[in-house]
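Written below as structure tokens is the structure these notes are about.
The values are calculated or read from the model by the stated rules, or taken from the named source; none is laboratory data. The structure presented is a predicted model; accordingly, all values stated were derived computationally and were not measured. Reconstructed Cβ throughout: ideal geometry from the backbone, glycine too, with neighbour counts over all protein chains shown.
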Amino acid sequence: MREASSAQRKELRKLAHHLEPLVWVGKEGLSDDVIAATVEALASHELIKVKLLALKEERKAVAREVADKADCVLAGVIGHVVILYREHPDEEKRHIKLSTS
């Protein structure tokens, strides 16, 4: 999992407010297909929401696992929704410019 400052995570949560979840993690948990869909969505959108159907106690652990496996920033967990960010490798295609603080 990549790291971001608390100010950057706050900025990402703000930017993600209007987004709808693009990936769903069902009762079966994480599968290779879910991780592949997450990676693909991050490559297209940079900032995404993932909807979890995990139990309350498991949500943060599942969120961290998704971020680790997809190699992205875990910007936040709000209820059943996880906000993930990964900067596009091509600078010309980046939609989000994070502050460096």
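If the requirement is being touching a Pro at 6+ places or on another chain (Cβ under 9 Å) and within 18 Å of LEU15 (Cα to Cα), which of these qualifies: ALA75, ALA43?
That would be ALA43, the only listed residue that is touching a Pro at 6+ places or on another chain (Cβ under 9 Å) and within 18 Å of LEU15 (Cα to Cα).
Would you be able to tell me the number of residues in the range 16-63 that are under 20 Å from LYS93 (Cα atoms) and part of a loop (DSSP other than H, G, I, E, B)?
The number of residues fulfilling the criteria is 3.
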Please tell me if ALA36 is surrounded by fewer than 17 Cβ atoms within 10 Å (Cβ to Cβ), more than 14 Å from ILE96 (Cα to Cα), of a type in the set (A, V, I, L, M) and touching a residue at least 60 places away in the same chain (Cβ under 8 Å). no
Any hit, the range 1-10, residues being over 12 Å from the mean Cα position of the chain (by Cα), part of a helix (DSSP H, G or I) and among the basic types (Lys, Arg): yes
Filter the range 40-62 down to the residues that are out of contact with any strand residue (DSSP E or B) (no Cβ under 9 Å at 6 or more places or on another chain) and of a type outside the set (Asp, Glu), then identify the one that is nearest to LEU98 (Cα to Cα). HIS45
So VAL82 clears everything in (1) at pLDDT below 95; (2) under 8 Å from the mean Cα position of the chain (by Cα) except one condition, right? Which one? (1)
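Restricting attention to the range 8-23, which residues are in contact (Cβ under 8 Å) with a residue 12 or more places away in the chain and within 14 Å of ILE78 (Cβ to Cβ)? Spell out how you get there, then give the answer.
Filtering the range 8-23 for residues in contact (Cβ under 8 Å) with a residue 12 or more places away in the chain gives 8-9, 11-13, 15-16, 19-23.
Once the filter is applied, which keeps residues that are in contact (Cβ under 8 Å) with a residue 12 or more places away in the chain and within 14 Å of ILE78 (Cβ to Cβ), the range 8-23 yields ARG9, LEU12, ARG13, LEU15, ALA16, LEU19, GLU20, PRO21.
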Right, ARG86: surrounded by 19 or more Cβ atoms within 10 Å (Cβ to Cβ) and not hydrophobic (A, V, I, L, M, F, W, C) or not? yes
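Provide a single number: the residues in the range 27-50 that are basic (Lys, Arg) and more than 12 Å from LEU84 (Cβ to Cβ).
Restricting attention to the range 27-50, the residues satisfying the condition of being basic (Lys, Arg) are 27, 49.
Right, trim to more than 12 Å from LEU84 (Cβ to Cβ) and you get 27.
Going through the range 27-50 one residue at a time, the tally reaches 1.
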Please state which one of GLU65, GLU28, GLU91, GLU58 is of a type in the set (Asp, Glu) and surrounded by 14 or more Cβ atoms within 10 Å (Cβ to Cβ). GLU65
If we ask which residues in the range 1-25 are of a type in the set (Gly, Ala, Ser) and loosely packed, with under 14 Cβ neighbours inside 10 Å, their number turns out to be 3
For the range 68-83, how many residues meet the condition of being assigned to a helix (DSSP H, G or I) and surrounded by fewer than 21 Cβ atoms within 10 Å (Cβ to Cβ)? 2
Taking the range 85-95 on its own, how many of its residues are of a type outside the set (Phe, Trp, Tyr) and within 14 Å of the chain's Cα centre (by Cα)? 3
